[in-house]
Amino acid sequence: MRLSTRFALAAAVIVPVLALSTNWLLYAWFSEDLHAAQERQLRSRATTLTHNATAYVQAVEAHHPVVAKAARRRLITSSLDVGFRLDGPDGVVQAGPALDPERKLPAEAKSPATLGPDGSGSTTWLVMSRRITPPNGTPPDGPNLWMFSPDTPYQTQLSHVRHRMVLVVLLSVPVTWVIAWLVANRAARPLLRLQRRAGGLDPRITVLRLDHTPSGVTEVDDLAATLRTALARYDEQAARAGEALATARSFAAAAAHEMRNPLTSMRTNLDVLAEYPDLDTADRREILAEVGREQARLLGLLAMLRTLAQGDLVEVDAFTQLDLADVVRASAADLRQTRPEVRLSVRATGGLLVHAWPEGLRSAVDNLLVNAWTHGRAGDGGARIEVNLRPVDEGGAPAALLTVDDHGPGVPPALREKIFRRFHRSPDSPGSGLGLTLVAQQIALHQGRIAVGDRPDGTPGARFEVLLPATGIREVRHTLPLLSRDWLTAEARQRPTGPG
């Protein structure tokens, strides 16, 4: 059922009920007013009738028949629509509307009293009584003048009012339904327009957009704003789903492309081992070592691709507060454990809080240290690495500056942008060519910057500088912007250089 129809039906029920209740209240007030008017009329007639009845009784007691006759005429004439009965000295005198002679009257009714209908009728009477005392006679034991006022005119007026009330209520049902339907239909037009516009959106062929002109109806405009928010979130989730699909396809393509050579090499070596079972022990050992290296390279490649894919798809709820010094120390401890020959010094200022994805930031620091161990060996073959973490001021905002220095040959200026691209590695590199790409991805994801240059003391070697925004507080509400996270699905574009 349409909203306008529901509204019209509700109005068609509520309005007659309200009208009936209001009319009934007015009817009760009108009935009370009529009853009060009838009492006032009876009191007024009672004064006149009492005066004329006294004059009549006095004339009869004084034996003045002519005067008594005239007084009797005045008494009867003054009754009008009010009946009376006088128990006089010469008998009963009565005129006007009369009660049943057998009706029992109240013993005394100086004020108007209500006398209910008898068994043969439905008329209700107002009754008053007075005691008419002769001037020289014995006063009667009780009232001897009774006055009656029937409620027939009063009931006639109330009957007309009731009929009109019923007629008004009956007419109000269809009239109210039509008016309410027209009003509701007009009021629902903005909602119908919004429904048609929303119904015309097709997510299969177009980006979801809802055009809405403010209608002036608060509920409709609020609903349009809610729909826009929902559609925007739908667009965002659809974009994220598209990114996830593109990432999965790129992961498969990159893995298939980069794994082809290692797998081919491994297959060749295994064929050699199978074809020459009597191969020299030294040659066999060398081939097995080569297979092991290729297998390790494959595992590293898959791990790097997986981490890059996670970085492309990470959501804001994965971020939390971290002390960057704890991350640096944990990475340094792991490097010392896996490569005990490294000479690693760490100076890290504690309390540098960053809003970070723990897994991603840890992988970035790990790869920085592994890269320094791999490519930063001195001429004597030893690996010496200095790691320094300190707070800095970046445009008036707190920041953390992480530097990693090695003693290798350094990075030529022409390669300082290229080393962050996917699968870029030197010919003698044992890695997958994704380590520094992952580092750059994570630093960009954390709204930081990374740069590579020479050591500041002039000695041979490279310095990697990472600048990250610091929060300085334990609890922070942060919304991760919807970045263009395409490190796995597209070639890395030129990234910001220099942390200062």
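Please tell me if Ala8 is closer than 30 Å to Val178 by Cα and in the same structural domain as Asp151 (by TED's automatic domain parsing).
Against the criterion (closer than 30 Å to Val178 by Cα and in the same structural domain as Asp151 (by TED's automatic domain parsing)), Ala8 qualifies.
Looking only at the stretch 1-37, which residues are more than 43 Å from the chain's Cα centre (by Cα) and polar (S, T, N, Q)?
Ser31 - this is the single residue of the stretch 1-37 that is more than 43 Å from the chain's Cα centre (by Cα) and polar (S, T, N, Q).
Would you mind stating whether Val60 is under 19 Å from Glu39 (Cα atoms), surrounded by 13 or more Cβ atoms within 10 Å (Cβ to Cβ) and at pLDDT 80 or above? Break it down stepwise before answering.
Numbers: under 19 Å from Glu39 (Cα atoms): no; surrounded by 13 or more Cβ atoms within 10 Å (Cβ to Cβ): yes; at pLDDT 80 or above: yes.
No: the conditions fail for Val60.
Looking at the stretch 42-60, can you tell me whether even one residue there is among the charged types (D, E, K, R), within 21 Å of Asp151 (Cβ to Cβ), part of a helix (DSSP H, G or I) and over 53 Å from the mean Cα position of the chain (by Cα)?
yes
Here is a yes/no grid of residues against (1) free of Cβ contacts under 8 Å to residues at least 12 places away in the same chain; (2) touching a strand residue (DSSP E or B) at 6+ places or on another chain (Cβ under 6 Å):
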position	(1), (2)
Ile14	yes, no
Ala53	no, yes
Val66	yes, no
Lys69	yes, no
Ala107	no, no
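Can you tell me which of Ala325, Ala296, Ala303 is modelled with pLDDT of 85 or more and small (Gly, Ala, Ser)?
Step by step, each of Ala325, Ala296, Ala303 is checked, and only Ala325 is modelled with pLDDT of 85 or more and small (Gly, Ala, Ser).
The values are calculated or read from the model by the stated rules, or taken from the named source; none is laboratory data. Treat the numbers as computed from the prediction; the structure is a model and nothing was measured. Note: ideal-geometry Cβ built from the backbone for every residue, glycine included; neighbour counts use all protein chains shown.
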